[in-house]
Amino acid sequence: MRLQYEAEERAKREWAELQQKQQLWEQQQYLAQQQAAQEAAYQQQLWYMQQQALAAQQAAMYQTVTTTTTTSAAAAPPPKKDTISRLYLTVAEARGLRSADLLGIGKPDPYCILQMRDQRLQTRKEKSTTNPVWHQEFEFTFFGPTDELVVSMWDRDRFSKDDFLGQVVLRLSDLSDGLRRWFPMTGRPGVREPHAIKGEIFLQVRYGR
């Protein structure tokens, strides 16, 4: 009887120890889950704050460009006809262009054609992008303030006619020295475009002798 009693007591102690270990393991698992949840919430909050800071920075940069453009336009009118000899236009970049094909899957290979009277110049072609970057400067000579400079954008196609992506028509009398701004792309007057015109192009203007 005594041996049986001791065996039962030992079994009870072992069972109690096992229960304690189980409870300790469960507590550790709970604490680990709580810590992981807190870390995930912290990372999400940190990402949100970074996105807010980035949005504020981009808004400030856009405001700076807009303010500079407005100030330049008010303070620096275009030169008079008898002082004009050269116009330098920088085609910087474009953004938000439409997709290249009818299905809207592929991206265009955009390039720009700049034309004023008999002067016709062209940027390089950028491959497969709706946000091309050129940063190319072009020089035009022998113009008057009533002339117009047309910047048209095209999608290079190897097997068919290049597709029209949009254009900007610039009247020289409206272009101040030092102008820097985004221009919305528009369609051609009197032409029913097969695709919606999308996007903007960033141009810079300066005059020289």
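So the values come out like this:
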item: Number of positions in the stretch 74-94 that are modelled with pLDDT of 90 or more, in contact with a Gly (Cβ under 9 Å, 6 or more places away or on another chain) and surrounded by 15 or more Cβ atoms within 10 Å (Cβ to Cβ); result: 2
item: Residue match in the stretch 200-208 (condition: surrounded by fewer than 16 Cβ atoms within 10 Å (Cβ to Cβ) and charged (D, E, K, R)); result: no
item: Whichever residue in the stretch 116-138 is at pLDDT below 95 and over 16 Å from the mean Cα position of the chain (by Cα) and, among such residues, is surrounded by the fewest Cβ atoms within 10 Å (Cβ to Cβ); result: Asp118
item: Leu175 buried (at least 18 other Cβ atoms within 10 Å of the Cβ), farther than 30 Å from Ser85 by Cβ and either of a type in the set (Asp, Glu) or in contact with a Phe, Trp or Tyr (Cβ under 9 Å, 6 or more places away or on another chain) (or both); result: no
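The values are calculated or read from the model by the stated rules, or taken from the named source; none is laboratory data. Since the structure is predicted, the reported quantities are computational estimates derived from the model, not experimental observations. As a convention, Cβ positions derive from the backbone with ideal geometry for all residues, glycine included, and neighbour counts pool all protein chains shown.
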